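Read through the structure below, which is laid out as structure tokens, and then see the notes.
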Amino acid sequence: MDLYLDTASIKEIEEIASWGILDGVTTNPTLMSKEKGDYRKILRRICDIVQGPVSAEVIATDHEGMVVEAKDLAKISEHIVIKIPCTVEGIRATRRLSTDGIRVNMTLVFSLNQALLAAKAGASYISPFVGRLDDRGEEGLRLIEDIVTLIHNYDFPTRIIFASVRHPYHVREAALIGADIATIPYKVFKLLITHPLTDLGLERFLSDWKKR
Ligand code: E4P
């Protein structure tokens, strides 16, 4: 499973990229709005660090506007993937962009039927937002399971991004269910490596070694 960082913070990306296991980054307008500076320069810098897929989202809500914006964002780097919201206009834009060879990450996916339409429109990635469904008392994990079945049943080339990760258990489930990618917030990413028994065990090994 590929691991992406869900952030636009250069500092966070540099830190996790230094571990050598970061495959990509997803941003969205909320995450971009937290960063100071020119957004194009920020995206270019992220692409330079990650050297893998970096999702950048359009702001336009009509398909013509989405396509214009997408083509402009795609010029920033070969690593840019265009995030398009899962609406009728988004599906129209995705069809056009995928035909033109521009990779789309269909975002704000909350149902199996939305995923089906996104895959049919040629989206390279689909992002079901698990945490936001869980927040409403709905079964986010069930949606991922269903989308994995859908993609396998019909052999769509679309990759599934487990998005809106809230805690390490989501990452565990993403791997077991068979999501292709999990996009993880910085704080959760840091939690993936920690375990109190690892710390305790290391402490004991080192103190025993000193006694020899
Ligand atoms: C995914 O690409 C989105 O940026 C992200 O996972 C949304 O997560 P949130 O529900 O924590 O905002």
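Quick notes on this structure:
- Judged by the mean number of other Cβ atoms found within 10 Å, the most tightly packed of the peptides 173-179, 58-64 leads the ranking 173-179, 58-64.
- Glu35 paired with Met1, simple spin-label distance in nm, labels 7 Å along Cα-to-beta-carbon: 2.5 nm
- For trypsin sites (Lys or Arg not before Pro), the sites in segment 12-63 that DSSP calls loop and that have at most 15 other Cβ atoms within 10 Å are Lys34, Lys36.
- Vicinal HN-Hα couplings computed from phi for segment 44-56 (Karplus, 6.51 cos²θ - 1.76 cosθ + 1.60; Hz; Gly/Pro x): 5, 4, 4, 4, 4, 5, 7, 6, x, x, 10, 7, 10
- Computed log₁₀ I(q)/I(0) - Debye formula, equal Cα scatterers, no solvent, the chain, q 0.07, 0.09 Å⁻¹: -0.23, -0.37
- In order along segment 111-118, phi translates into HN-Hα couplings of 8, 5, 5, 4, 4, 4, 5, 4 Hz, rounded to whole numbers, per the Karplus curve 6.51 cos²θ - 1.76 cosθ + 1.60 with θ = phi - 60° and x for Gly and Pro.
- The accessible surface of the chain, taken with every protein chain in place and a 1.4 Å probe, is 54 percent carbon and sulfur.
- Accessible area of the chain divided out per residue, in Å², using a probe of 1.4 angstrom: 54 Å²
- Local net charge near Arg172, Cβ-Cβ under 15 Å (Lys/Arg +1, Asp/Glu -1): -2
- Full extension of the chain segment joining Lys190 with Asp135 gains 17.6 nm, where the gain is 0.36 nm per residue of separation less the Cα-Cα distance.
The values are calculated or read from the model by the stated rules, or taken from the named source; none is laboratory data. As the structure is a computational prediction, the values presented were derived from the model and not from experiment. Cβ atoms come from the backbone with ideal geometry, glycine included; neighbour counts cover every protein chain shown. Protein only, heavy atoms only, side chains kept; ligands, DNA and RNA dropped before computing areas. Shrake-Rupley method; radii C 1.70, N 1.55, O 1.52, S 1.80 Å.
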